[in-house]
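Asker: My structure is below; once you've seen it, I'll send some questions.
The values are calculated or read from the model by the stated rules, or taken from the named source; none is laboratory data. Predicted model only: the values in this text are computed from it and were never measured. Backbone-built Cβ (ideal geometry, glycine too); neighbour counts: all protein chains shown.
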Protein chains: 2
Amino acid sequence: MALSHAILSALTERPCSGYDLAKQFDGSVGFFWHASHQQIYRELTKLEQQGLVTAEAVPQEGRPDKKLYQVTEAGQALLRDWIAQPSKGSPLKDELLVKLFVGYLVPPETAIAMLQQERSHHAATLEEYQAIEQRYFAKPAAMTPAGQFQYITLRNGIHYETAWLTWCDETLATLRSMNQGQGE
Amino acid sequence: MALSHAILSALTERPCSGYDLAKQFDGSVGFFWHASHQQIYRELTKLEQQGLVTAEAVPQEGRPDKKLYQVTEAGQALLRDWIAQPSKGSPLKDELLVKLFVGYLVPPETAIAMLQQERSHHAATLEEYQAIEQRYFAKPAAMTPAGQFQYITLRNGIHYETAWLTWCDETLATLRSMNQGQGE
DNA sequence: AGCGAATATGCAAATAGTTGACTATTCACA
DNA sequence: TGTGAATAGTCAACTATTTGCATATTCGCT
C-alpha cells in the first residue's frame, strides 16, 4: 500500500532514522504524502520483516543512539515495479469546499473571512516553495536526474498553490459582489 | 467528523435517499469528498440517532420503497457552527508525486508514459467540468445564492484541473529533454 | 536537581475507511 | 421462467489512520 511506497521512496532518496523520516514526512515529503510518526515506525518494522529495508543501530554522541534505515535491493526492485504500474487517482477531501457547497447558510462576511484565511495560508506556502526553488533549484538543467525529479514535484506544488490563490481571488470577488448585492 | 458534515451539507442542498446520496458522492460531491455507500448508510444511521437527520419511508411505484433523509434544525445549526470554525488544511496524498520523487529509478519513457496518462485523465475531467459549467452555470450572476456557492466549488475544480494540465505539459517537456540529454 | 526541549523510539485504543458479501424489489428482455 | 440491470439497503471483516500515551537519552537553563 502507498505508505510503504512513500517510505521506500523517501529512504531511497536518503537513508535515515525513523525520527528523521518522520521529519521528512512533516517537511518535503509531506507535500505529497503524510503519516504520523507512530504509523511510520510501525510500517518500518513491517518493511524490515519483509526484507525491504535494513535497520542498523548507530551510536551517536550528544544524542540518543539511532536506527538507520536503508532500502534493500529487494525494496528498490519492488519500488521500481510499483512505479511502472498505473497510478490510482487521488480523490480529494477538502473541508473548505464542503463548507462552501452550503456557504449560503452563513453570512457572506463569514465566507469572506474563510477565504481570506485560506488565501493567506496558500500564499505563505507558495512563498515557502518559491524560496526552496530559488535556494535549491536555481539551475535545474545542471542538476542530477534525482534532483530534477525532486524539482518536478516542487513545481507541482507551486502550480497547485498558484491555482488556489487564483481561485481564492476570484471567489473573494464573487463573495464581495454577492455581499454588496444583498446590502441593497 | 467531516463525513458527517459532508452528508449534512449534501442533504441540506437536497434531501434524498441513501442510494441517491451515494450517487451524489460518486458525482458532484465526489469532487471534494468521497465515501463508500456502506460508509454513508452507516453514518446516516448515526446521524438519525443523534437527531441531526430524519428518515421518512416513502413508498414508490415501479421501484423499491425508499427512505428520504432530511436535515433537522439541529443538524443545520450544527452545520452552521461547523462552517464558521477554522478549516483544517487538507493534506495531500498523491501516488503519482511519490513515484516522481524517485522517478529516476525507471527509464524516462516510463515516466513520460505516466505523465501522458495523467494528463489525459485531467484533460477529460476538465472537459467534464467545463460542460457542467456551460450547462448549469451559464449565467452565474442570475443564480440563487445556493447556486452561486455550488458554482464556486466547480470553479475550484476547474482551476485545479487546469493547474494539473499546465504542470503536466511542463513536466513532459522536462522529461523529454532529459530523455534526449541521455540519448547522447 | 529538576524541567523543558530536542532527539529517538514505541504501544494501544479508538475511529475512519475499504472491501467483500449479501438481501430485496421492480423492470425489461430472451 | 430466469437473468441482468437499476433501485434500495445492510452486515461484517479487514486495513489504515488518528489520537493518546509512554519510555529513554542528552543538553541547556534555572
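Okay, residues lined up against (1) crowded, with 19+ Cβ neighbours inside 10 Å; (2) in a helix (DSSP H, G or I):
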site	(1), (2)
A:Thr12	yes, yes
A:Trp33	yes, no
A:Ile40	yes, yes
A:Glu56	no, no
A:Gly75	yes, yes
A:Asp81	no, yes
A:Gly89	no, no
A:Leu92	no, no
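Asker: Which one of these is among the charged types (D, E, K, R) and more than 23 Å from the chain's Cα centre (by Cα): B:Glu95, B:Glu109?
Answerer: The conditions single out B:Glu109.
Asker: Now for a separate question. Return yes when B:Tyr160 is within 30 Å of A:Pro140 (Cβ to Cβ) and surrounded by 18 or more Cβ atoms within 10 Å (Cβ to Cβ) and no when it is not.
Answerer: yes
Asker: Looking only at the stretch A:68-84, which residues are more than 9 Å from chain B (Cβ to nearest Cβ) and without any contact (Cβ under 8 Å) to a residue 12 or more places away in the chain? Spell out the reasoning first.
Answerer: Keep residues of the stretch A:68-84 that are more than 9 Å from chain B (Cβ to nearest Cβ), which gives A:68-75, A:77-78, A:81.
Within the stretch A:68-84, A:Glu73, A:Ala77, A:Asp81 meet the criteria.
Asker: I would also like to ask the following. So which residues in the stretch B:2-22 are within 12 Å of DNA strand D (Cβ to nearest atom) and among the small types (Gly, Ala, Ser)?
Answerer: B:Ala2, B:Ser17, B:Gly18, B:Ala22
Asker: Exactly one condition in (1) among the hydrophobic types (A, V, I, L, M, F, W, C); (2) facing another protein chain (nearest Cβ under 9 Å); (3) more than 22 Å from A:Gly157 (Cβ to Cβ) is not met by B:Leu100; state its number.
Answerer: The single condition B:Leu100 does not satisfy is (3).
Asker: Which of the residues spanning the stretch A:94-106 are assigned to a loop (DSSP other than H, G, I, E, B) and touching a Ser or Thr at 6+ places or on another chain (Cβ under 7 Å)?
Answerer: A:Asp94, A:Val102 - these are the residues of the stretch A:94-106 that are assigned to a loop (DSSP other than H, G, I, E, B) and touching a Ser or Thr at 6+ places or on another chain (Cβ under 7 Å).
Asker: If I filter the stretch A:9-25 down to residues being under 14 Å from the mean Cα position of the chain (by Cα) and of a type outside the set (Lys, Arg), which single residue comes out as nearest to the other protein chains (Cβ to nearest Cβ)?
Answerer: Only one residue tops the list, namely A:Ser9.
Asker: Still on this structure, please answer the following. Exactly one condition in (1) within 18 Å of A:Asp94 (Cβ to Cβ); (2) more than 10 Å from every other protein chain (Cβ to nearest Cβ) is not met by B:Ala6; state its number.
Answerer: Going through (1) within 18 Å of A:Asp94 (Cβ to Cβ); (2) more than 10 Å from every other protein chain (Cβ to nearest Cβ) one by one, B:Ala6 breaks only (2).
Asker: Still on this structure, I have one more. Go through the stretch B:23-42 and count every residue that is under 18 Å from A:Lys99 (Cβ atoms) and either within 12 Å of DNA strand D (Cβ to nearest atom) or at pLDDT 95 or above (or both).
Answerer: Restricting attention to the stretch B:23-42, the residues satisfying the condition of being under 18 Å from A:Lys99 (Cβ atoms) are B:24-25, B:28-35.
Remaining after also requiring either within 12 Å of DNA strand D (Cβ to nearest atom) or at pLDDT 95 or above (or both): B:24, B:35.
Counting residues in the stretch B:23-42 that are under 18 Å from A:Lys99 (Cβ atoms) and either within 12 Å of DNA strand D (Cβ to nearest atom) or at pLDDT 95 or above (or both) gives 2.
Asker: Step by step: first the residues of the stretch A:128-150, then only those that are within 9 Å of chain B (Cβ to nearest Cβ) and buried (at least 19 other Cβ atoms within 10 Å of the Cβ), then the one that is nearest to B:Cys168 (Cα to Cα). Which residue is that?
Answerer: Only one residue tops the list, namely A:Phe149.
Asker: Can you tell me which of (1) under 25 Å from B:Gln148 (Cβ atoms); (2) of a type in the set (Ser, Thr, Tyr); (3) within 10 Å of DNA strand C (Cβ to nearest atom) is the one B:Ser28 doesn't meet?
Answerer: Of everything listed in (1) under 25 Å from B:Gln148 (Cβ atoms); (2) of a type in the set (Ser, Thr, Tyr); (3) within 10 Å of DNA strand C (Cβ to nearest atom), B:Ser28 misses just condition (3).
Asker: Within the stretch B:58-73, how many residues turn out to be part of a helix (DSSP H, G or I) and within 11 Å of DNA strand D (Cβ to nearest atom)? Write out each step before concluding.
Answerer: Filtering the stretch B:58-73 down to residues part of a helix (DSSP H, G or I) leaves B:73.
When the remaining residues are screened for being within 11 Å of DNA strand D (Cβ to nearest atom), the result is none.
Final tally of qualifying residues: 0.
Asker: What number of residues within the stretch A:152-184 are more than 8 Å from chain B (Cβ to nearest Cβ) and either outside any helix (DSSP H, G or I) or within 24 Å of A:Ser9 (Cα to Cα) (or both)?
Answerer: 5
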